[in-house]
Amino acid sequence: MKVVRLNNFFGAEVQGIDLRNLSTKAIDDLQRLWLEHKVLVLRNQSLTSEEHVNFSKHFGNLEIHPFANKHVDYQEIIVLESGGSTKKTHYSATDWHSDVTYREKPPMGSILRGVVVPEVGGDTCFANAVEAYSRLDLETKNAVSELTATHDWFKKNHHVLDKKDIESTRKKYPLVSHPVIRTHPETREKAIFTNNFFTAHIDGVDENRSNTLLRRLENAIRDPSIQIRVKWDETTIVLWDNRCVQHTGTDDFLPAHRRMERTTILGDRPF
Amino acid sequence: MNIHPITGFVGAEITDINLARTNKGEIQAIKEEWLRHKVLVFRNQDLTRQEHIEFGKNFGELEVHPFAPHPKEYPEIVKIISNDKVQYAASNWHSDVTWRQKPSMGSILRGRTIPEVGGDTSFANTAEAYNRLDPEIKDRVDSLYAIHDFSKTFGRNMSEKERKEKQKKYPPARHPVIRTHPETGERGIYTNKPFVSHIEGIARDESQYLLKTLQHAIQSPSVQCRIKWEVNTIVMWDNRIVQHQASNDFYPQKRHVERVTIIGTKPV
């Protein structure tokens with residue numbers, strides 16, 4: 001197993017393994033590398049959807065996503081697909097976020113696989129939310145350190161629901177508050193845990209103050225100095241740690257066809 | 001010469017060419033690809049400083065930067081060094097020397113000392129960033145002008161006296177907020193944080209709001225590409241339609257890159 005770092009702060013390409021056939025030691029190594037590097041890129045992996053699910057289960061229980069398009073045969077897999085003949089002419093995951101933060105226990109990690117990859121475009125960018133936090137000015141750090149924010153699925157997902165289902169979905173997934181700065185349960189690092197997709201507002205401050213602070217946190221995430229950019233192909237798998245990494249897709253591949261499949265590993269309540 | 005696009009909106013890697021020995025046909029082809037892709041990347045180009053300068057002159061007259069350091073015998077080369085004293089350089093989105101009355105049309109940067117990881121440069125297509133603005137914001141910025149001033153960045157370490165002298169020589173420049181590319185006709189965002197002091201003729205709050213909104217558009221990864229450097233990688237970009245930012249992520253490793261800068265025309 002060879003590890004090539006992608007950036008000074010995070011991200012690594014792991015070479016010389018076959019995800020279909022992993023020893024217990026290799027799984028331990030991957031877990032350790034994942035914690036250390038936050039994002040792992042694995043090339044030359046020809047997995048079926050079933051093998052993708054099986055590989056993911058090494059890291060925890062998998063989530064059944066409440067809203068996203070699911071794979072016909074594997075409900076643990078969500079399908080992110082647009083362009084080509086799909087009739088989806090837009091690609092919407094083009095802002096920085098961590099996955100499913102509107103849940104009481106958001107996922108600890110996600111594992112994304114390239115299935116149909118355009119020749120050019122459709123890269124995914126990752127931001128190290130720990131380094132972004134550490135670069136905040138002291139005043140902002142102090143201002144946000146004890147705050148919580150409300151996360152809401154509605155903003156991003158309501159358009160996929162029938163009107164009649166909105167109320168029952170609200171009951172099932174009520175508003176949830178998470179710390180603005182989250183402590184990673186294993187490494188104890190502190191990271192920014194707000195995003196434009198799901199964070200409705202910061203609790204207990206007025207709207208102006210909430211907007212100002214959220215924008216400062218967003219700007220810290222938007223700095224290329226704490227980011228990496230991953231180019232896909234149809235044998236690439238990327239694992240990221242949602243507790244300390246944010247990511248965004250890019251929509252520069254349209255109208256070409258792009259299909260990705262994701263499994264999502266359940267996590268703990270943020271603190 | 002082979003062309004490999006890097007992302008959907010910006011950048012191409014050019015292979016099978018030796019920049020130390022180009023012919024007229026190749027220079028013409030590079031010019032065309034440069035206009036199309038806006039950022040061109042060449043690998044393994046072991047140029048001397050003189051060859052770097054000669055290559056740059058194919059595209060226009062080279063400037064001598066009044067503030068940045070240069071190697072003794074090569075005033076056209078800007079040395080950009082990050083080390084213990086300057087831990088990073090150029091880590092904010094910008095286009096080069098926009099504080100000049102006639103800012104640069106393009107820059108050609110060469111890697112000399114490159115950290116093992118980190119120090120990538122990101123590039124944004126400012127025309128695509130402009131296309132993606134809300135129509136309401138487009139309307140508001142379309143006919144505005146911004147004031148560009150070197151002293152915001154290069155004046156920080158100058159004495160009061162020195163700054164005043166330099167300001168006489170390089171008075172603030174007034175450029176359109178949305179610039180039209182003189183060759184392709186594309187319209188791109190032409191404001192940046194290191195050099196723009198304000199948008200002219202509107203309230204300060206409004207100016208700040210619009211500048212932030214424009215910067216936000218530049219920051220979208222969908223309009224960007226990201227280039228990893230190696231020693232003897234050469235990247236050339238079109239300052240009229242591209243902004244760039246170096247990553248401040250490699251300290252305490254050292255990074256040394258060298259630039260020649262091609263003089264451009266007054267923005268319209």
| remark: Of the conditions (1) surrounded by 15 or more Cβ atoms within 10 Å (Cβ to Cβ); (2) more than 24 Å from residue B:118 (Cβ to Cβ); (3) away from chain B (no Cβ under 14 Å); (4) polar (S, T, N, Q), the single one that residue A:196 does not satisfy is (3)
| field | Qualifying residues in region A:107-124 (those that are over 10 Å from the mean Cα position of the chain (by Cα) and not aliphatic (A, V, I, L, M)) - the one nearest to the other protein chains (Cβ to nearest Cβ) | value | A:121
| remark: residue A:254: passes all of (1) part of a loop (DSSP other than H, G, I, E, B); (2) away from every other protein chain (no Cβ under 12 Å) but (2)
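Listed here are the residues, each with its yes/no results for (1) modelled with pLDDT under 95; (2) within 13 Å of chain B (Cβ to nearest Cβ); (3) touching a Gly at 6+ places or on another chain (Cβ under 9 Å); (4) part of a helix (DSSP H, G or I).
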position: A:3; (1), (2), (3), (4): no, yes, no, no
position: A:8; (1), (2), (3), (4): yes, yes, yes, no
position: A:14; (1), (2), (3), (4): no, no, no, no
position: A:19; (1), (2), (3), (4): no, no, no, no
position: A:28; (1), (2), (3), (4): no, no, no, yes
position: A:33; (1), (2), (3), (4): no, no, no, yes
position: A:36; (1), (2), (3), (4): no, no, no, yes
position: A:41; (1), (2), (3), (4): no, no, yes, no
| Subset of region B:90-137 [more than 10 Å from every other protein chain (Cβ to nearest Cβ), at pLDDT 95 or above, assigned to a loop (DSSP other than H, G, I, E, B) and under 25 Å from residue B:252 (Cα atoms)] | B:114
| task | Please state which one of A:222, A:215, A:188, A:209 is within 13 Å of chain B (Cβ to nearest Cβ) and exposed (fewer than 15 other Cβ atoms within 10 Å of the Cβ). | result | A:215
| request: Could you look through region A:56-74, keep only residues that are outside any loop (DSSP other than H, G, I, E, B) and in contact (Cβ under 8 Å) with a residue 60 or more places away in the chain, and pick out the one that is surrounded by the most Cβ atoms within 10 Å (Cβ to Cβ)? | output: A:56
| field | Condition check for residue B:153: surrounded by 15 or more Cβ atoms within 10 Å (Cβ to Cβ), assigned to a loop (DSSP other than H, G, I, E, B) and touching a residue at least 40 places away in the same chain (Cβ under 8 Å) | value | no
| task | From the list B:60, B:8, pick out the single residue that is among the small types (Gly, Ala, Ser) and within 14 Å of another protein chain (Cβ to nearest Cβ). | result | B:8
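The values are calculated or read from the model by the stated rules, or taken from the named source; none is laboratory data. Since the structure is predicted, the reported quantities are computational estimates derived from the model, not experimental observations. Note: ideal-geometry Cβ built from the backbone for every residue, glycine included; neighbour counts use all protein chains shown.
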